[in-house]
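Enquirer: Okay, here's the structure, questions in a sec.
Bear in mind that the values in this text are calculations on the coordinates, not laboratory data. In this text the structure is predicted, and so the values were computed from the model without any measurement. Backbone-built Cβ (ideal geometry, glycine too); neighbour counts: all protein chains shown.
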Amino acid sequence: MHSKLTYTDEHTIIAILEQELIPAAGCTEPIAIAYASAVAKKHLSTFPISAHTLCSKNIIKNVQSVVVPSSGGRKGVAVSTILGLIVGKSEAGLEILNHVTEEHRIELERLLNSDFCTTGQSDSKESLHIQVSLVGEGGEYVEVEIAQTHTNIIRIEHNGIHLPLQKIEVSHSEEIPLSSYSILDMNRVITFTKTVEIEKVKPIIQRQIDHNLAIAEAGFTHSYGIGIAKSLQDMAHDDPYQLGKAYAGSASEARMNGCELSVITNSGSGNQGITASLPIIIFAKETHKTEEELIRALVLSNLIAIRIKAGIGRLSAFCGAVSAACGTAVAYTYLSGGTHQQIIDTLKNIIGNVSGIICDGAKTGCALKIVSSVDAAIVAHKLAMKSIVLEDNSGILKSGIEETLSALERLGREGMAETDNIILSIMQS
């Protein structure tokens, strides 16, 4: 294990946290479409006479069944495209739909009832790919493409001329390419968690605590979804583990059903940000941990979730609640005074148990997938604290934790590719 990190390593890990823990209002796939649409509109001289949006199958899967925030309960690619156009404000990034007004909703309804916007599936090999094409008066046109991450614009074209790319500022640090995330091996992650000066990470983590608690509490007090969260809260009693599950389920159920509050995402996903944070926030509160203990535990949880998703890819048939719950599991063990080995054993236990729940799109059911994943995290943690751990070289578990994580990432990245095609075919049939 590393006794300490170099300045460069520490600086890079902090920048990764800043880059990955960002606010988003609603499910990130519809918002990414709205963002692309707003960027395209910015470069058109007049309001378009038509719009056409192509999305990769993973984007379509995650937009089909989830309510677009502030849309009046509407769903779909066209809804996201039109709202982005009407609102504009591309500078708001993934919080663009926080600016929707009643006048915007009236205009949305009018355009949806015309043939203004058409949609389709792209043939891109990227799992995350969005292309918005706008046509204005006199044949003027603009095309904007996003790929790999939700705000990563790779092309802006106006009347055949490629324009400078627009980047939104998500932090005060430099942009860290995904290729650099290999720095997040378990030894470095654990060392960073234990040794980083708390003031260097507190602002990043405190924002996650504040935002994600707020939407969870909104889920309990308003009627979102089918009532999963309230039922879990009633069953939790005084158990900090069960109460944490209820809070995570509440935030997801609210978010999937149109709640306009922002969440702090992890790896481009609000549900992953919820899973990696809320169970630990509630557990720490209920077991009277200090503020510093909570912040360090959330650093650990978030970094493990980021590491795994970097290896799998932003969108996959592998449910991101599982990768986020891997972080939750080890954070439980960390907060409970677990040793370095028990932290590793916790991770092995959860990977050996739930090495894959399918992602069949964003919807109310995501809340249940989060609850199940957190439940697996609790079991993995409690066993590890008793020094009970699954044996090496069984199933996808390898002899070392880095090899095991690589196997899990390969499963999500390569093994689930055809599963993704079948899931979308079932959803569209």
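Enquirer: Run the numbers for Asn393 and Leu163: contour at 0.36 nm per residue of separation, minus the present Cα-Cα distance, in nm. List each step's numbers first, then the result.
Expert: Numbers: separation 230, 0.36 × 230 = 82.80 nm, distance 5.16 nm.
Here the answer is 77.6 nm.
Enquirer: Would you calculate, for the chain, the mean residue ellipticity at 222 nm contributed by helices, counting each DSSP H stretch of 4 or more residues as -39,500 (n - 2.57) and dividing by all residues, to the nearest 500? Don't skip to the answer; put the middle values down first.
Expert: Details: 16 runs with 229 residues, N = 429.
The helix contribution divided over the chain gives -17500 deg cm²/dmol.
Enquirer: Please give the FRET efficiency for Lys194 paired with Ser406, using the beta carbon to beta carbon distance and R0 = 35 Å, rounded to the nearest 0.05. Write down the numbers at each step before the final one.
Expert: Numbers: r = 24 Å, r/R0 = 0.68.
Computed FRET efficiency for Lys194 and Ser406: 0.90.
Enquirer: Based on the Cβ-Cβ distance of His237 and Glu140, what FRET efficiency does E = 1/(1 + (r/R0)^6) give at R0 = 56 Å, to the nearest 0.05? Write out the running numbers ahead of the final one.
Expert: Working: r = 62 Å, r/R0 = 1.11.
Step by step, r from the Cβ atoms, then E = 0.35.
Enquirer: In addition: If I stretch the segment between Gln148 and Phe47 completely, what's the gain in nm (0.36 nm per residue apart, minus their alpha carbon distance), one decimal? Numbers along the way, then the final one.
Expert: Working: separation 101, 0.36 × 101 = 36.36 nm, distance 2.82 nm.
The Gln148-Phe47 span can extend by a further 33.5 nm.
Enquirer: Among Ile264, Ile350, Ile401, which comes first, then next, by fewest other beta-carbon atoms within 10 Å? Each step should come with its number before you reach the end.
Expert: Details: Ile264 24, Ile350 27, Ile401 19.
With the sparsest Cβ surroundings first, the list reads Ile401, Ile264, Ile350.
Enquirer: Next question, about the same structure. In Å, what Rg and Dmax follow from the Cα atoms of segment 27-162?
Expert: For segment 27-162, the Cα-based Rg and Dmax read 13.3, 38 Å.
Enquirer: Of Lys75/Lys309; Lys363/Lys398; Lys348/Lys386; Lys285/Lys369; Lys230/Lys289; Lys4/Lys386, which ones are farther than 22 Å apart at the Cα? Don't jump to the answer; show the numbers that get you there.
Expert: On the way: Lys75/Lys309 26 Å; Lys363/Lys398 34 Å; Lys348/Lys386 14 Å; Lys285/Lys369 24 Å; Lys230/Lys289 25 Å; Lys4/Lys386 28 Å.
Beyond 22 Å: Lys75/Lys309; Lys363/Lys398; Lys285/Lys369; Lys230/Lys289; Lys4/Lys386.
Enquirer: Test of understanding: ordering Arg296, Arg255 by Cβ neighbours within 10 Å, fewest first, what list do you get? Each step should come with its number before you reach the end.
Expert: Numbers: Arg296 23, Arg255 35.
Arranged by neighbour count, lowest to highest, Arg296, Arg255 become Arg296, Arg255.
Enquirer: Using only the Cα atoms of the chain, what do you get for the radius of gyration and for Dmax, in Å?
Expert: 21.2, 72
Enquirer: Which value in nm describes the separation of the simple spin-label points at Glu418 and Thr101, placed 7 Å from the Cα toward the beta carbon?
Expert: Here the answer is 5.3 nm between the modelled labels.
Enquirer: Give, as a single signed number, the net charge of other residues whose beta carbon lies under 14 Å from the beta carbon of Ser133, with Lys and Arg counted +1 and Asp and Glu -1.
Expert: On the way: positive: Lys41, Arg155; negative: Glu140, Glu143, Glu145, Glu157.
So the surrounding residues net to -2.
Enquirer: Treating the Cα atoms of segment 263-349 as identical point scatterers in vacuum, please give the log10 of the normalised Debye intensity I(q)/I(0) at q = 0.25 Å⁻¹, two decimals.
Expert: The Cα Debye sum returns log10 ratios of -1.20.
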